[in-house]
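One structure below.
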Amino acid sequence: MNIFYYGLFASIGIAGFSGFMFPEFRTEIFFGWLGPAIAWLGSTFMTIRAAKKDPHSVTKSLQIGFLIKLIYYGAFIIVIFQLYGFEPVPFMCSFSGFFLGLHALEAIIIKNLNT
């Protein structure tokens, strides 16, 4: 569980540092972090809870989480681009980086559930 907190604080720190370095893109960086962070938190908590309840239910939990994230990311991108006018390139760079980083961390957490 420590790696979960380290990853959360590291992602917040990276987003904060990026916002400090590029203040003109602070909002884009924040929203690029927010979407993957919410999905990561939700799916990681759901998977950890399923592993504690029954280790054999982790696969089903991952399948349900994948379907929920598929719908969530589509809705998130549509809502962000419809409601907020901003530079799309910094947003997509931030979104892509945090998406890849947080999902890689989720894979490591899932791998460590059995050990």
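Would you call T27 part of a helix (DSSP H, G or I), modelled with pLDDT under 95 and in contact with a Gly (Cβ under 7 Å, 6 or more places away or on another chain)?
No.
Being surrounded by 12 or more Cβ atoms within 10 Å (Cβ to Cβ) and charged (D, E, K, R) is the filter here; which residues of the stretch 9-26 pass it?
First, the residues of the stretch 9-26 that are surrounded by 12 or more Cβ atoms within 10 Å (Cβ to Cβ): 10-12, 14-16, 18-19, 22, 25-26.
Within the stretch 9-26, just R26 meets the criteria.
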Scanning the stretch 79-115 for residues that are of a type in the set (D, E, K, R) and surrounded by fewer than 17 Cβ atoms within 10 Å (Cβ to Cβ), which turns out modelled with the lowest pLDDT?
E87
In this structure, is P36 farther than 29 Å from I78 by Cβ and either touching a residue at least 40 places away in the same chain (Cβ under 8 Å) or buried (at least 16 other Cβ atoms within 10 Å of the Cβ) (or both)?
no
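Could you check, for the stretch 38-59, whether at least one of its residues is among the β-branched types (V, I, T), part of a helix (DSSP H, G or I), closer than 18 Å to I14 by Cα and within 14 Å of the chain's Cα centre (by Cα)? Before the answer, list the steps.
Residues of the stretch 38-59 among the β-branched types (V, I, T): 38, 44, 47-48, 58-59.
Applying the additional criterion that residues be part of a helix (DSSP H, G or I) yields 38, 44, 47-48, 58-59.
Pick out the ones that are also closer than 18 Å to I14 by Cα and you get 38.
From what's left, within 14 Å of the chain's Cα centre (by Cα): 38.
Yes - at least one qualifying residue is present in the stretch 38-59.
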All positions within the stretch 77-98 that are closer than 13 Å to F30 by Cα, of a type in the set (F, W, Y) and in a helix (DSSP H, G or I)
F91, F95, F98
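The values are calculated or read from the model by the stated rules, or taken from the named source; none is laboratory data. All values reported here derive from a predicted model rather than from experimental measurement. Methodologically, a virtual Cβ is constructed for each residue, glycine included, from the backbone with ideal geometry; neighbour enumeration extends over all protein chains shown.
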